[in-house]
1. List the residues whose amide H sits under 5 Å from the amide H of residue 285, counting only those 5 or more places along or on another chain, with H placed 1.01 Å from N in the peptide plane.
2. Rounded to whole Å, give me the distance from the Cα center of region 398-455 to that of region 166-183.
3. Under the rule a/c < 1.5 gives rounded, and otherwise a/b versus b/c splits prolate from oblate, where does region 146-197 land using the Cα gyration tensor?
4. Please compute the per residue accessible area over region 285-362 with all protein chains in place, 1.4 Å probe, rounded to a whole number of Å².
5. For region 228-279, what % of the accessible area comes from carbon and sulfur atoms, probe 1.4 Å?
6. Which of rounded, prolate, oblate describes region 358-451, given a ≥ b ≥ c as roots of the alpha-carbon gyration tensor eigenvalues and a/c under 1.5 marking rounded, otherwise prolate only if a/b is larger than b/c?
7. Would you pull out the residues with amide H under 5 Å of residue 117's amide H, same chain only if 5 or more places away, H placed 1.01 Å from N?
8. Please list 552, 211 in order of solvent-accessible area, largest first, computed with a 1.4 Å probe with all protein chains present.
Amino acid sequence: MGWIKKGIVRHERMVNLRLFNKCNCSFVPTKRFNIKSVLAALVFMVLALISCSKENIKAYSLPDPAYVVAHSNGIVSRYSEISVVFSDGRDIAKLSGKNPFSFYPDIKGQVVWSPEGDRIDFAPEKPLKAGQSYKCVFDFSGIGEAQKGWFSFNIKTKEAGIVVKPGKLFIARDGSLALSGTLESEELPENAAFKDIVKAVSGKKKLDVSWKHDALSFHEFTVHNIPRSMEEGSLLVSWDGKPLGSKNSGKAEYRIPKDGSFEVLAINPPGEDGNSGISIAFSEILDPNQDLRGLVRSNSPGALRFETDGSILKLYSSLRWPEELELSVERGVKSITGAMVVPVQAVIQVAWDKPEVRFQPGGVIVPTSQGTKVILETKNLAKIYLEALQVYKSNMLQFLQTNDLDGKSELKRVGDVVWRAEIDLDWSEDKKNQWTSHALDLSALTEKYGAGLFQLRVAFGREHIRYVSPNNFTSFGKWKFPPVSISDNDDEYSYWDYAEEWFDWTEYYRYRNDPAHPAFYIQRFGNDRSARRNILVSDIALSAKQDSLGTWHVALSNMK
């Protein structure tokens, strides 16, 4: 794709003339007039145009689906393009210098056409203003197709957001006390400065905070060399996202054990450190040669296994951890200096994993000899919503122009959802936090619609999950759980159609990963909770090879 047009062309003149006529304003020429009459007429004309212009800004016109397949809508990234997808292509060589977009407020930028001329993108010159609403008007007359009229749509840009999760105290390799944490971000520029976002103070001393950036949206920080003295101390970690354009702020306070005291700093339940073990952090490096059997105990019915890594003890069980885990650390546990630990007993609630759904990996082609069964895996789900989109046989070539067999681009141009069902998964408590396999029998689908290409799409809603939140929600305010649905990238419907006026970005970023909150189910920003898999129901296998002389050899076989 190439750049066709730089800058923005305003269509107020064209739109206003149309609206001026709509207002039934007309001028009758006369042979005589004076300057006062002319001035009065001009003032009247200007007022009428302004009035009509304001009317146009408030007016909306939906696109004709015969011409427009999809367009940008709802909440968008500040860095995204504004797009329109057409039902047919056009010769882009004839469109040089043409720009059919108008924006209120104005946006400066460039127009980009796809090679086939069936998609146009407006690329803003610079990132859009955070949290700003824009009205977009697309006028076909701007590309020489005035007979197709015009349409409008609204977009609103996301606000910058950060979520800070201060971690637990631990002993670094050099024996000093440290603390780690994470910061997740959205809508921040690549050159965002994180210095001074997170601050750490012990007593009156400001401590150093270092950063490691694993990705554009995930960042780790570490507070180094936390001082210890002969008395217990405290550490205050605070954060403020204002320099990054976020309203999120907060703080966490830690007790610092006195120097020479050997005790438990923190206990991380299963799952918090990315595995199924319990992680116990001590205030000194552990003696790696000690036998810990009987010194660290739990009410787990399984046999315990221990791994020592510096000041961290990792505890594993041969069986599933009980939902309420009782853990005790006895005085016999020793540090590398021979000090005995301060005994501790704790009760840990084993957290629920977030509900998930996924298809087993595999090829696209499913022969009927397989029984048209596809394996689906779920975690902490009692029910699922399943639908199938069929790509019509007459549209397969169009589908393959923009997709491989497992592709998912612009599916609404080539097919429709033909089958929907809600499926009970026979949930039981022993399946908590476990991936469970289910065989989806698609015989009813294929019997009705025959062989062909389908996309299976699975989603779930609040009423389908089995999950206990660590957050005690008593009210969600204006938040509502959206209906269970599956949206494509080109869907025009948006949760934000009724939410943009009251939407709380800070609350969204805070609770978007909590299945007990409506923010979890918003299908924007890459947080689509659905699983998708294309299947081509066919008993015919076709292979083609080209030899060194350029001759093609095609083989057809029956997969049964």
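The values are calculated or read from the model by the stated rules, or taken from the named source; none is laboratory data. Because the structure is predicted, anything quoted here is derived from the model rather than measured. So basically every Cβ, Gly included, is an ideal-geometry build from the backbone, and we count neighbours across all protein chains shown. Note: accessible area is taken over every heavy atom of the protein model, side chains too, but ligands, DNA and RNA are not part of it. Shrake-Rupley method; radii C 1.70, N 1.55, O 1.52, S 1.80 Å.
1. 336
2. Their Cα centres are 45 Å away from one another.
3. Prolate.
4. Here the residues of region 285-362 average 56 Å² of exposed surface.
5. 46 percent
6. Taking the square roots of the gyration eigenvalues as a ≥ b ≥ c, region 358-451 is prolate.
7. 90
8. 552, 211
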